[in-house]
1. Across region 122-146, which residue is modelled with the lowest pLDDT among those that are assigned to a strand (DSSP E or B) and out of contact with any helix residue (DSSP H, G or I) (no Cβ under 7 Å at 6 or more places or on another chain)?
2. Could you please give the count of residues in region 159-174 that are within 24 Å of VAL103 (Cβ to Cβ) and either surrounded by 15 or more Cβ atoms within 10 Å (Cβ to Cβ) or β-branched (Val, Ile, Thr) (or both)?
3. Please tell me if ALA119 is modelled with pLDDT under 90, part of a helix (DSSP H, G or I) and crowded, with 17+ Cβ neighbours inside 10 Å.
4. Yes or no: region 150-166 includes at least one residue that is assigned to a helix (DSSP H, G or I) and either of a type in the set (S, T, N, Q) or in contact (Cβ under 8 Å) with a residue 60 or more places away in the chain (or both).
Amino acid sequence: MRNGKTLYLLLAAAAIILIAMIVILIAQGTGAPPQENSTEVPAAHATSPIAMPVHSVEVPDPEEPAGAVYRYLTLWGERDEPGMQTLLIQADSAEPIHDLELVASTEILSIETLSEAEAKELFHGDIYDAPAAMAMVRASFILHYNEEGQDFFLSPAHERTDYTFWLVKENENGNWRIAMQGY
């Protein structure tokens, strides 16, 4: 009788452990790849470069300074150097975009246009002499590198925070263009 009771208790304990394991597996997910229309990123690919730009901000008005910066960063992720050059003032447009071939995409985290008073206080006349209008935009973004970039930089991505763009309008009806950028 005692052996039957012990066997019963062992089977009951094993059943409880099995049920607990099943509950844990269900709670953690199946581990199967996401469905075709799913936006879930598999854990194995969470840190790899993103194929298309991903942006955590709303698209700013393209006629505003932040809109020009948003477009520039989007073009950077698309490696569209001619498009990027159109957003730079003439003095900068002859310079190549450095390490462009190493970028897979950009991820825009935030874009903020500084007040006109802040822009005037921080704007340097040697950047651009007597613009029709000036603005400063701060952006945070991540450059995701392609395989060659990961090998070169030994990192899958580089986050740039509080990156500042100085923008000008060369004439009253002109578009906002980037005069200078950096930290």
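The values are calculated or read from the model by the stated rules, or taken from the named source; none is laboratory data. Note that the structure is a prediction, hence the values are computed from the model and not measured. Glycine gets a Cβ as well: all are built from the backbone with ideal geometry, and neighbour counts include every protein chain shown.
1. Going residue by residue through region 122-146, those that are assigned to a strand (DSSP E or B) are 133-145.
Then drop every residue that is not out of contact with any helix residue (DSSP H, G or I) (no Cβ under 7 Å at 6 or more places or on another chain), which leaves 133, 138, 140, 142-144.
Values: ALA133: 83, ARG138: 93, SER140: 92, ILE142: 91, LEU143: 89, HIS144: 91.
Per the stated criteria, the residue is ALA133.
2. Pass one, region 159-174, residues within 24 Å of VAL103 (Cβ to Cβ): 159-167.
Going one step further and asking which of them are either surrounded by 15 or more Cβ atoms within 10 Å (Cβ to Cβ) or β-branched (Val, Ile, Thr) (or both), we end up with 160-161, 163-167.
The total comes to 7.
3. Considered against the rule, which asks whether it is modelled with pLDDT under 90, part of a helix (DSSP H, G or I) and crowded, with 17+ Cβ neighbours inside 10 Å, ALA119 comes out as yes.
4. yes
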